[in-house]
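The values are calculated or read from the model by the stated rules, or taken from the named source; none is laboratory data. Computed from a predicted model, the values in this text were never measured in an experiment. Here the Cβ positions follow ideal geometry from the backbone for every residue, glycine too, while neighbour counts run over all protein chains shown.
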Amino acid sequence: MTQLIKGFSKLSREEKINQLIKHFGLPADFPTRLERYRIGEEQALFDDFSENTLTNFFLPFGVAPNFRIDGKSYVVPMVTEESSVVAAASRSASFWAGHGGFKTTVHDTQKVGQIWFRWKGPTLLLSSLPEGLEPHLTQAVASLTLNMEKRGGGITRMQLLPSRGLPGIYQLQVNFNTVDSMGANFINSCLEEMKEPLLEFFAKDPRRSPFGQPEIIMAILSNHTPECLVTCSVECPIDELTPMAGNFSALEFAQRFKTAVDIALDDTSRAVTHNKGLLNGTDAVVLATGNDFRAVEAGVHAFAARDGRYRSLSRCTLTPENHFLFELAIPLAMGTVGGLTTLHPMAALALELLGKPSAKELMSIAAAAGMANNFSAVTSLITTGIQKGHMKLHLTNLLNALEASETEKTNALNYFQGKAISANAVRTFLNESRNAPHPGPPSR
Ligand code: MEV
């Protein structure tokens, strides 16, 4: 039987490390390796973000310059471990900056919370919101919503809905405007605070009380956020696409690009990868600004499958006037105040770099970053293929992993130009050059 480590979370960090060494036979340098990535005075802050924190896990914080979004210039902060993402975003951003930039519209920022309950009474009696329920619940959470209302947000709507396929199961759906915060904590606090008052209302209501009390199953926000929709577009005359077209004419490029996007609209397997390339950009901004990337991802994928089939989030049109139009629709529930956006020093810095944007502005920036990466990825795929660009960065990663010196890196970058790169080939190159009597690349 598996041996449980009891009371682990209550141990000090040192005790936790000792327990792990004891239970898992970890090497003697385990504590020093963990220690190496801890930072000075601010470590306590990072320790408190999560439980059982032993050290930090670093990811590169980079920037993609030259973004022009809705007429404003940005240097976009991106946190990603994938080597080509920032370069791809930058390339696209520079190109589109010279062609009118990214144009976005944030349609709304409403989010939805759900209180799910079972009730044995007739569905007819819950076919609409019982009179008096909304003011009763709104009043019950007034102390929680006061500050949000001062900022222009709060509860905007309540609806009572039967579940789609479960008899006797209902949801009270509550819509919230959380202004510049993502608002997950606020929404969940309000919903939990409403549970008791909801029961009270049923108990006192003369029409419904004879059928007994509801049984509350759960209360939680929904990460399905189709209302937080951002649309983004870029466009230019087709003949201006020449710098992107590689060996193709601008028109051939535009047609191939459209076909590639159409394939992602039609075929789910391709759509998932197409959207992944898009999210390479969006997620990097979501992470850099301390937003919840799991929430964004879940909402985005549900939206991509909204008509019952998972499809591309972007689409391409070639107009009869020879215009190339590339459009994106993406739901993004993001915030610029509260949670990690305020607490994480690097998220704060990222937001400063963006000029302290509102939530809506940040949603536009994250959408544009996604579109930039999507444009770059599809451009590479239909011209040179992606490996050419990826491999140089991949080579650097392999060389770093093999602890190559700066001279060895320069030699390797020269040597591997135009050659196939694999971990094995790089290892062999390094071994041979290290064993060679004279410095320099091995002769082959
Ligand atoms: C790799 O991270 C992303 C791509 O696969 C996206 C795509 O295929 O569109 C290149």
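When we screen 145, 104 for residues that are farther than 30 Å from residue 39 by Cβ and in a helix (DSSP H, G or I), the only hit is 145. Can you confirm whether the range 230-247 contains a residue that is within 14 Å of the ligand (Cβ to nearest atom), under 11 Å from residue 378 (Cβ atoms) and either at pLDDT below 95 or out of contact with any strand residue (DSSP E or B) (no Cβ under 7 Å at 6 or more places or on another chain) (or both)? No, the range 230-247 contains no residue that is within 14 Å of the ligand (Cβ to nearest atom), under 11 Å from residue 378 (Cβ atoms) and either at pLDDT below 95 or out of contact with any strand residue (DSSP E or B) (no Cβ under 7 Å at 6 or more places or on another chain) (or both). Would you say residue 9 is surrounded by 13 or more Cβ atoms within 10 Å (Cβ to Cβ) and hydroxyl-bearing (Ser, Thr, Tyr)? No, not satisfied.
Scanning the range 340-398 for residues that are outside any helix (DSSP H, G or I), within 16 Å of the ligand (Cβ to nearest atom) and not polar (S, T, N, Q), we see that the one that is modelled with the highest pLDDT is 385. Of note, residue 418 does not satisfy the criterion of being within 16 Å of the ligand (Cβ to nearest atom), part of a loop (DSSP other than H, G, I, E, B) and free of Cβ contacts under 8 Å to residues at least 40 places away in the same chain. Filtering 302, 264 for residues that are assigned to a helix (DSSP H, G or I) and crowded, with 20+ Cβ neighbours inside 10 Å leaves a single hit, 264.
Here residue 163 fulfils each of the conditions (1) buried (at least 17 other Cβ atoms within 10 Å of the Cβ); (2) more than 30 Å from residue 364 (Cα to Cα); (3) among the hydroxyl-bearing types (Ser, Thr, Tyr) apart from (1).
Among residues of the range 267-287 that are under 28 Å from residue 74 (Cβ atoms) and near the ligand (Cβ under 9 Å from one of its atoms), those with a Cβ under 7 angstrom from a residue that is polar (S, T, N, Q) and in a loop (DSSP other than H, G, I, E, B), sequence gap 6+ or separate chain, pair up as 274/312; 275/312; 280/80.
State yes or no: is residue 355 more than 30 Å from residue 253 (Cα to Cα) and in contact with a Ser or Thr (Cβ under 6 Å, 6 or more places away or on another chain)? The answer is no for residue 355.
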